[in-house]
Amino acid sequence: MSAWRLQWRPYELRLREPLETALGTVRVRRGLLVALESADGCTGYGDVSCWPGTEETGLPEAVVWLEQAATALHAADPASVLADFPARTPAALAARAGLETALLDWQARQAGVPLARWLRSDAADRVRVNALLGRAGWEAIVAQARAAVAAGFRTLKLKVTLSLADAELVAAVRATVGDEIRIRLDANGTGDLETALAFARAVARFDIEYLEQPVAGLEELAALRRRSPVPVAADEVLTGPDAVERALAIAAADVLVLKLPLLGGPCAVLAAAERASGRGVDVVVTGMLESGVGLAAAVHTAAALGTTRAHGLATAHLVAPLGIAEPLEPIGGVLAVPTSGGLGVTVQFTQNEGVE
């Protein structure tokens, strides 16, 4: 009989300031903290985070998957349970990501090495990150851009619609920060092909690093990429390994933006990055405004990739509390990877709030 114990508890994170995106306003994030404990008392932690706005249906489904995993652990070890985890739906993938992260955290803690080094022996000890600028008035966004550059960020990510007014906003930001700063634009899949193409042509002269998810589907992205003067990135549409394979097969994007909960965990992200590299496609790891446990896992995964692009992980300042003791705040546009064993964070997990 297995001696493993799996618990979880819900969390709610209120954003310090509402984050405005093309899809709407994010004010609160809800998810699940996962704890995987072995007979010797060593515990690994994970995070179950659904896409913003889908928590009401996604989290109950994720709990069902965790309940099944907890039952399976009575007779099998966690690695075997993960190998048999039939994760296809977004909620199941998020649950799998939480369980896999907890197991990897446990393994790295037992080995006494940071998770990044457990994933890859030559992992970086720091990762470059972009500053995230939500939708606001022009003056506010330009001021945010100026402040981010002053703080040391070399890459900015702007939430945009595909309107000509936002093309003018991009021009204002570029004029403010100069030519050396990279600018990314994220439309959250809100446009159609022709609107996205017109927007790409309007902003091309501002040396945009990439336009992220301007349309909803992979086929639309592929069609846009063939005609766009601006590199195209895929994000929300990459829900699971099969979607990554499809994106690569049809050359849908120049860059893949990968999220641990959407793919099923750190190992799935690393595997996707390896496949993308074989096709000459770069990757960026981003968070989902999850707990500090999920953010720490994403930071370690990004460090294991060894990519040169900035990652979308400078989000700790947006939510409070994160569920961990460490701040995970970037300095000069760079995040230091926690150096103690596993995730390297002190998790605030109250045992009597867990569900077995």
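No lab work stands behind these numbers, since they all come straight from the coordinates. Every value quoted in this text rests on a predicted model; they were computed, and no experiment measured them. Using ideal geometry, Cβ is built from the backbone for each residue, glycine included, and neighbour counts are taken over all protein chains shown.
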Inset, instruction - Mind putting a number on the dipole of the chain about its Cα centre? Charges go on the C-beta only, +1 for Lys and Arg and -1 for Asp and Glu, and I need it in Debye to the nearest 20. - result: 740 debye
Legend entry - Kirkwood-type radius of the range 51-98, with distances r between different C-alpha atoms, in Å: 10.9 Å
Inset, instruction - Could you work out the relative contact order of the range 174-269, using alpha carbon pairs under 8 angstrom and six or more residues apart, expressed as a whole percent? - result: 24 percent
Legend entry - Per-bin percent of Cα-Cα distances, the chain [10 Å]: 6, 26, 35, 23, 8, 2, 0
Inset, instruction - Enter the mean projected area of the convex hull around the alpha-carbon atoms of the range 26-175, in nm², rounded to one decimal. - result: 12.4 nm²
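For V337, what charge total do you get from the other residues with a beta carbon under 11 Å from its beta carbon, if Lys and Arg give +1 and Asp and Glu give -1?
Local net charge: +1.
Defining a contact as two alpha carbons under 8 Å apart and six or more residues distant in sequence, what relative contact order in percent does the range 18-62 show?
30 percent
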Legend entry - Residue-span extension gain [E180 to A147] - 0.36 nm each, minus C-alpha spacing: 10.4 nm
Inset, instruction - Please list, in chain and number order, the residues 5+ apart from I183 or on another chain whose amide H is under 5 Å from its amide H, with Hs placed from the backbone. - result: L156, E209
Legend entry - Mean Cα-pair separation over length for the range 119-336, i.e. relative contact order, pairs under 8 Å, 6 or more apart, %: 23 percent
Legend entry - Reciprocal of mean inverse Cα separation for the range 141-225 (Kirkwood radius, Å): 13.0 Å
Legend entry - Solvent-free Debye scattering, log10 I(q)/I(0), computed from the Cα coordinates of the range 247-305 at q = 0.16, 0.18, 0.29 Å⁻¹: -0.45, -0.57, -1.23
Inset, instruction - Quickly estimate the mean residue ellipticity at 222 nm for the chain, helices only: each DSSP H run with n ≥ 4 gives -39500 (n - 2.57), and the total goes over all residues, rounded to 500. - result: -12000 deg cm²/dmol
Legend entry - Between helix 218-227 and the chain: long-axis angle, C-alpha atoms, 0 to 90°, nearest 10: 30 degrees
Inset, instruction - Give me the angle, in degrees from 0 to 90, between the Cα long axis of helix 292-305 and the longest principal axis of the Cα atoms of the chain, rounded to the nearest 10. - result: 70 degrees
Legend entry - Computed over the range 5-112, Kirkwood Rh from alpha-carbon pairs, angstrom: 14.5 Å
Inset, instruction - Only bridges with both residues in the range 119-336 count here: give the DSSP antiparallel percent, nearest 5. - result: 15 percent
